[in-house]
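The structure appears right after this line, and notes come after that.
The values are calculated or read from the model by the stated rules, or taken from the named source; none is laboratory data. The structure presented is a predicted model; accordingly, all values stated were derived computationally and were not measured. Every residue, glycine among them, receives a Cβ derived from its backbone with ideal geometry; neighbour counts consider all protein chains shown.
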């Protein structure tokens, strides 16, 4: 089969490799869509993987082509997304179904071969089957980032009609906005430093969006809320200024939800920290998503919302590319040479 193989830092090549076979309790999927995550930039460009060679790719969907021993043969032909984290099922976190905090996990696309390929093997237990025929492979592949957004919204315990501020209008920020608006009836205020992202957010229905390099976001949010400020603020950029703005933008007894992954130290001013104290804000971190039946599988919940049209993720797919283009789209993302949202390899 053809696959994009990372041989060393920055060396991602289209190779002909052996097609994998499913072991016990595994399935073989023919990959139909595989999204490029921001974390893949670090893996590919900076070599942030656990071993070489490796096939990256953890946001994906495909069709089950073969099953291993112990797997229901009726799964063959089914369309599915895949939860990429493979838990140990032995540690204290796994015992309570909190697999994202597993102490000894495996991971498709970073610790084992992933989906930037024609085929990939995954545990049958990690499948998220398409709820109906309406959902496309591209939409199924969006379950990974959408599940992260769903997890953050659920941890925020948003009330119906809350005003939420989202700092960062990339794919995760827009998914946060969609879920909060369409499942909680929230008023959504979006903030970014990229005018193209702001314009795109407006084009898909989020009129209350600004460029914080042109408009003071704290004054703007104050105006939008009659001075009360946001009930909940989501930090989706992972940078100091965004964290600071989240603290300043949130009302007394409100919540600040950390979603963005930082790549260097986060610092805040004394003023912002005093706001955290004086307003008695709740600062909540989030990580990955919940994939278990305790209390609710956020991947299956998200897939159902996409399939029934409650949230429309299709506009977020900005680029569709073949495996033959190799590393080019990842380099473009790293250099920010053009506007993009979700770029997908279509094997």
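One table, with the values for the structure above:
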{"item": "In the range 173-211, the residues that are buried (at least 17 other Cβ atoms within 10 Å of the Cβ), in contact with a helix residue (DSSP H, G or I) (Cβ under 7 Å, 6 or more places away or on another chain) and not in a helix (DSSP H, G or I)", "result": "186, 188, 189, 190, 191, 192, 206, 208, 209, 210, 211"}
{"item": "Residue under evaluation residue 120, criteria (1) buried (at least 19 other Cβ atoms within 10 Å of the Cβ); (2) within 21 Å of residue 298 (Cα to Cα), criterion not met", "result": "(2)"}
{"item": "Test: residue in the range 244-256 that is touching a helix residue (DSSP H, G or I) at 6+ places or on another chain (Cβ under 6 Å), part of a loop (DSSP other than H, G, I, E, B) and in the same structural domain as residue 279 (by TED's automatic domain parsing)", "result": "no"}
{"item": "Within the range 265-347, strands (runs of 3 or more DSSP E) holding 2 or more residues that are farther than 30 Å from residue 124 by Cβ", "result": "282-285, 317-321"}
{"item": "Number of positions in the range 316-326 that are touching a helix residue (DSSP H, G or I) at 6+ places or on another chain (Cβ under 9 Å) and under 14 Å from residue 34 (Cβ atoms)", "result": "4"}
{"item": "Qualifying residue in the range 101-108 (condition: touching a helix residue (DSSP H, G or I) at 6+ places or on another chain (Cβ under 6 Å), at pLDDT 95 or above, more than 30 Å from residue 241 (Cα to Cα) and surrounded by fewer than 22 Cβ atoms within 10 Å (Cβ to Cβ))", "result": "yes"}
{"item": "Condition met for residue 97 (part of a loop (DSSP other than H, G, I, E, B) and within 16 Å of residue 141 (Cα to Cα))", "result": "no"}
{"item": "Selection status of residue 237, within 24 Å of residue 170 (Cβ to Cβ) and either part of a helix (DSSP H, G or I) or in the same structural domain as residue 107 (by TED's automatic domain parsing) (or both)", "result": "no"}
{"item": "Matching entry among 286, 302, 267 (being touching a helix residue (DSSP H, G or I) at 6+ places or on another chain (Cβ under 7 Å), modelled with pLDDT of 95 or more and surrounded by fewer than 16 Cβ atoms within 10 Å (Cβ to Cβ))", "result": "267"}
